[in-house]
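Single-structure report; data block below.
The values are calculated or read from the model by the stated rules, or taken from the named source; none is laboratory data. Since we're looking at a predicted model, the values are computed, not measured. FYI the Cβ positions are ideal-geometry reconstructions off the backbone, even for glycines, and counts take in every protein chain you see.
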Amino acid sequence: MIPIGNFFFKYRNYLFIFLYLALFIPSPPLFSRNAFGETYYYWPIIIGLVVTIYGQAIRGATIGLAYIVRGGKDKKVYADTLVTEGIFNHCRNPLYVGNILMLLGVGILSNSLIYVGILIPLFLFIYQAIVLAEENFLRNKFGDQFTVYCSKVNRWWISFSGIVKTFSGMKFNTKRWILKEYNTQFVWLAGITAILLLNYPHISENDPEFRNSLLTIAFIALVFGYILVRYLKKSGKMVE
């Protein structure tokens, strides 16, 4: 599994591009109209949004409290320090958990049986391999320190024990969250917008022109926000 994880670690960013494009692959519905009648489409919207927003909230809390620099070096697993603060005190891989829930949520939102039933399990396998590769690196580099950390904190399951103390004892860095997450936020929000308006014509009152107008307005707003944050970051007018 570790060699598999090291391989996919190199290309993990491309994996997200594929998974977002796969949301629009034709698929049998996850929620059937026959099972829920005319209001069937509310279920994937409600459940999907709750799950994906929860995933984004986990990512936001993690980055805002104690950011971890584990982006790799020369396309290989790398870390300067072992971060155990913030949400990392409650789960060893909260960013990955957030990613999984975000993608699972948009898969449910797209009402795609293929996405939820096939691609999400494949994604989980790949993530498990990547995590094992990362843990192998961290164990070799930090030794007993990492072993003790693993004995106290779950790999995937987030423990809410002491979570209030964690939030009250640390300051949430809003600027860091914005600067580190604006790329992810843009793609995530653009995907949600496209799914809602393209897959659920009821939202635009079954009017293609109204739908296209909503899509145009939404994407202009998202692109404007993206360009603004990028400008503030690159110009140094917004720093952590």
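Within the range 179-205, residues that are among the small types (Gly, Ala, Ser) have Cβ atoms under 7 Å from residues that are modelled with pLDDT of 90 or more in these pairs: Ala190/Phe219; Ala190/Leu222; Gly191/Val106; Ser204/Leu197; Ser204/Phe210; Ser204/Arg211; Ser204/Leu214, counting only partners at least 6 apart in sequence or on another chain. In the range 203-231, the residue that is farthest from the chain's Cα centre (by Cα) out of those that are surrounded by 12 or more Cβ atoms within 10 Å (Cβ to Cβ) and modelled with pLDDT under 90 is Ser204. The set of residues in the range 225-240 that are of a type outside the set (D, E, K, R) and either within 13 Å of Gln185 (Cα to Cα) or not in a helix (DSSP H, G or I) (or both) comprises Gly225, Tyr226, Ile227, Val229, Ser235, Gly236, Met238, Val239. Can you find even one residue in the range 153-171 that is among the small types (Gly, Ala, Ser), in contact (Cβ under 8 Å) with a residue 60 or more places away in the chain and under 21 Å from Thr81 (Cα atoms)? No, the conditions are met nowhere in the range 153-171.
Can you spot a residue in the range 63-73 that is under 16 Å from the mean Cα position of the chain (by Cα), surrounded by 19 or more Cβ atoms within 10 Å (Cβ to Cβ) and either modelled with pLDDT of 90 or more or under 19 Å from Ala190 (Cβ atoms) (or both)? The answer is yes; a qualifying residue exists. Does Ile120 fit the bill of being surrounded by 13 or more Cβ atoms within 10 Å (Cβ to Cβ), touching a residue at least 40 places away in the same chain (Cβ under 8 Å) and over 16 Å from Cys91 (Cβ atoms)? So Ile120 does not fit the description; no.
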